[in-house]
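A short worksheet on the structure shown next.
Read-outs: derived from the displayed coordinates by stated rules, not from any lab. Computed from a predicted structure; not experimentally measured. Don't worry about glycine lacking a Cβ; one is built from the backbone with ideal geometry, like all the others, and counts go over all protein chains shown.
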Amino acid sequence: MTDPTLKNIDQDVVKEEARKARWSVLNEFWHYFSANKGAVIGLCIVGFMILMAVIAPVLAPHGPNVQNRDAFLTPPVWEEGGTWTYILGTDAVGRDMLSRLMHGARFSLFIGVVVVTISLIGGIIIGLVAGYFRGWVDALIMRVMDIILAFPSLLMALVLVAILGPGLVNAMIAIAVVLQPHFARLTRAAVMSEANREYVTSAKVAGAGHMRLMFKTILPNCLAPLIVQATLSFSTAILDAAALGFLGMGAQPPTPEWGTMLAEAREFVLRAWWVVTFPGLAILITVLAINLVGDGLRDALDPKLKRS
Amino acid sequence: MLKFLLNKLVLIVPTFIGITIVAFGFVRVLPGDPILALAGERGVEPERYQQLLTQFGFDRPIWEQYFTYVVGLFQGDFGTSIATKRPVLNEFMTLFPATLELATCAIIFAIVIGIPAGIISAVKRGSWFDQLTMGTALAGYSMPIFWWGLLLIILFSGILGWTPVSGRISLMYFFPQVTGFMLIDSLLSGQPGAFQSAVRHLILPTIVLGTIPLAVIARQTRSAMLEVLGEDYVRTARAKGLGQLQVVGVHALRNALIPVITTIGLQVGVLLAGAILTETIFSWPGIGKWMVDSIFRRDYPSVQGGLVLIALIVMVVNLTVDVLYGLINPRIRHQ
């Protein structure tokens, strides 16, 4: 019979070692990630956007949909006629631009999270099944993915929204469907390159079932490219949702979604530059920041690109 | 090589069938009765309803309907537009040159600026030029192009008054469409000022549509060049005393261009998706705007036909790029 205290100590040591190993992995990751200045700046901006989205209801000077009949198209504070009440001016029905932009951050980030989650989970499952089982299952799945990819993404999303009906939720579903094949293809490729490795064979010999092999043995080793793709898809999702909103097929007015705000502002393009400029700038900055983070993640996670 | 080509062609058949199933299914899964949707708000009498049901073949089994649909496609029957009562294929062919002209200008714009910018960035890696170019490229890649278009309109049409806001040519000019390409037709018409007007109308849409491909091409050229510049044969070329221009231009560029050409080919989908937004902003009478309008008008036969035609174009271009890639890449050619 073994000494119970010794067993406890052993376990503690094991736990401690595991913790250390995790830390060193994180440290190494941060080392590579922080070498990319742009990525760190991008991360700061993304952090700022998240903060703004969270505290928008507290911090925003006005309600996002509160109209002021005395302040239609008020210019920003530094322009002639601007006031400190409306720092970034007001839109055509007297709503505060700054407050709407801050609330818009919630929608954009929400869209990104939901779309990426749906397409990531869907793509991983489909890609795992295709890459693991191969044969006709693989052929069938990949042809379906080819078909989705044969249509230009925005067109496919537009048609899907036409079927489902305009609105934010349907737009998100449509974009997720369109983005999903990228994850499926990536997962499939990664699984195929991992499936014949020795550790997989040994797990198979040890009696692991299909589910365990797919999700516990192979999947964790395929995550790096998926994380990078998820970041890039996050920005694509925001852009596409804004484009659908702009075309009148996404979030519906008076939702302060940035693309929808741009659509409402279109007719004032030559009269009030601020109602057009700020929502687009918000989209650009957010998407740019996320893409910067994505580039940094790719540099840090892809061993082939490291130090190249 | 022949085997390579055949393999590619075999893969296209299931994709084509899939595209037709999607387009065929699209109208079937739409909420509501297709006949009532066609009839509009006035409604339709029961006898006429039955008659239409038979006329459109909705009373036959679904697989038979699909079969008839595909046979129709091969005979050039892509349906009839509800809005204009004209065959969808005719509509598409009338509008397609406008999109093709715009997309061609956009991709030329992207290539002419993107490839040199990428090469110089790679050669002068880490310089201020490289950092500026790659920063700009990332911004271009992240650009919501519908907003970019509006900004350019504010600046160049609103403040500076240099370019027109919308359309393909000034309303002053009228001439028959020979080729459908405004640049060529305006020259053929011989009317003074017509060509200039067409060019001025093209500038902003070209920039807007070309922005994302430009960014992608510049980034891809840079990374392809960087990879090639580290190869042994480039070192050999330098070692034998060739000048920088010859090393970069002849030895490195030819090999770096292979992945770049693939990237350019892949931009076709991006261009067609971008055309939807660009054409909407600039009221450009092409297929992108037509698709959006058709969706809003609930002109589903047009949407259905447009979907198949656009997917076919993307598919054919991708196949061409694949084959081209095989032709210029000796590693694949000699497999």
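Read phi for every residue in the range B:47-62 and hand back ³J(HN,Hα) as whole Hz from Karplus 6.51 cos²θ - 1.76 cosθ + 1.60, θ = phi - 60°, with x for Gly and Pro.
Whole-Hz 3J(HN,Hα) from phi for the range B:47-62: 5, 5, 4, 4, 4, 5, 4, 5, 4, 7, x, 6, 8, 8, x, 4.
Could you please rank B:Phe129, B:Phe156, B:Phe174, B:Phe282, placing first whichever residue has the fewest other Cβ atoms within 10 Å of its Cβ?
Starting with the residue having the fewest Cβ neighbours, the order is B:Phe174, B:Phe129, B:Phe156, B:Phe282.
Using Cα pairs closer than 8 Å and at least 6 residues apart in sequence, work out the relative contact order for chain B, in percent.
The normalised contact order for chain B reaches 25 percent.
Relative contact order for the range B:59-146 using alpha-carbon pairs under 8 Å, separation at least 6, rounded to a whole percent?
Over the range B:59-146, the number comes to 11 percent.
Scan around B:Thr80 for amide H atoms under 5 Å from its own, H built in the peptide plane at 1.01 Å from N, and keep only partners 5 or more places away or cross-chain.
B:Val88
Using +1 at the Cβ of each Lys and Arg and -1 at the Cβ of each Asp and Glu in the range B:181-335, identify which of B:Val303, B:Ile281, B:Val248 lies farthest towards the dipole's positive end.
Of B:Val303, B:Ile281, B:Val248, it is B:Val248.
Could you please state, rounded to a whole Å, how far the C-alpha centre of the range B:257-335 is from the C-alpha centre of the range A:149-191?
One Cα centre to the other: 17 Å.
Within a 10 angstrom radius of the beta carbon, how do B:Trp290, A:Trp23 rank from fewest other beta carbons to most?
The fewest-first ordering by Cβ neighbours comes to A:Trp23, B:Trp290.
Would the protein assembly as shown count as rounded, prolate or oblate if I go by the C-alpha gyration tensor, calling it rounded below 1.5 in a/c and otherwise prolate when a/b exceeds b/c, oblate otherwise?
Taking the square roots of the gyration eigenvalues as a ≥ b ≥ c, the protein assembly as shown is rounded.
Contact order normalised by length for chain A, with contacts defined as Cα pairs under 8 Å and 6 or more residues apart; what percent is it?
23
With +1 assigned to the C-beta of every Lys and Arg and -1 to the C-beta of every Asp and Glu, and no other charges, what is the dipole magnitude of the range B:95-332 about the Cα centre in debye, to the nearest 20?
Dipole about the Cα centre, nearest 20: 480 debye.
Can you put B:Glu47, A:Glu79, B:Glu227 in order of Cβ neighbours within 10 angstrom, beginning with the fewest?
Lowest count first: B:Glu47, A:Glu79, B:Glu227.
Using r as the Cβ-Cβ distance of A:Phe48 and B:Val71, and R0 as 45 Å, what FRET efficiency do you calculate, to the nearest 0.05?
My answer for the efficiency is 0.20.
Is the C-alpha gyration tensor of the range B:95-332 telling us rounded, prolate or oblate? Criteria: a/c under 1.5 is rounded; beyond that, a/b larger than b/c is prolate, otherwise oblate.
Cα axes put the range B:95-332 in the prolate bin.
Non-local amide H neighbours of A:His62 (under 5 Å, H modeled in plane, Pro and chain starts lacking H): which ones?
Hits under the 5 Å cutoff: A:Ser99.
Measure nothing but the geometry: give the 0 to 90° angle between the long axis through the Cα atoms of A:153-164 and the longest principal axis through the Cα atoms of chain A, rounded to 10°.
80
How high is the FRET efficiency between A:Arg212 and A:Ala18 when r is their beta carbon distance and R₀ equals 25 Å, given to the nearest 0.05?
The value I calculate is 0.80.
Which of A:Leu59, A:Leu128, A:Leu120 ends up with the largest GNM mean-square fluctuation for chain A, with Cα atoms connected below 10 Å?
A:Leu59
Assign one of three labels to the range A:109-158, namely rounded, prolate or oblate, based on the Cα gyration tensor with a ≥ b ≥ c the square roots of its eigenvalues; rounded applies when a/c is under 1.5, prolate when it is not and a/b is larger than b/c, and oblate otherwise.
Oblate is the answer for the range A:109-158, as a/c is 1.5 or above yet b/c matches or exceeds a/b.
Taking the Cα atoms only, what angle lies between the long axis of helix A:223-246 and the longest principal axis of chain A, rounded to 10 degrees?
For helix A:223-246, the angle is close to 20 degrees.
Taking chain A as the reference, fit the longest principal axis to its C-alpha atoms, fit the long axis of helix A:168-194 to the helix C-alpha atoms, and give the angle between the two in degrees, 0 to 90, nearest 10.
30
Take chain A, connect every pair of alpha-carbon atoms lying under 10 Å apart with a spring to form a Gaussian network, then pick out the residue of A:Ala18, A:Ala289, A:Ala251 with the largest mean-square fluctuation.
A:Ala18
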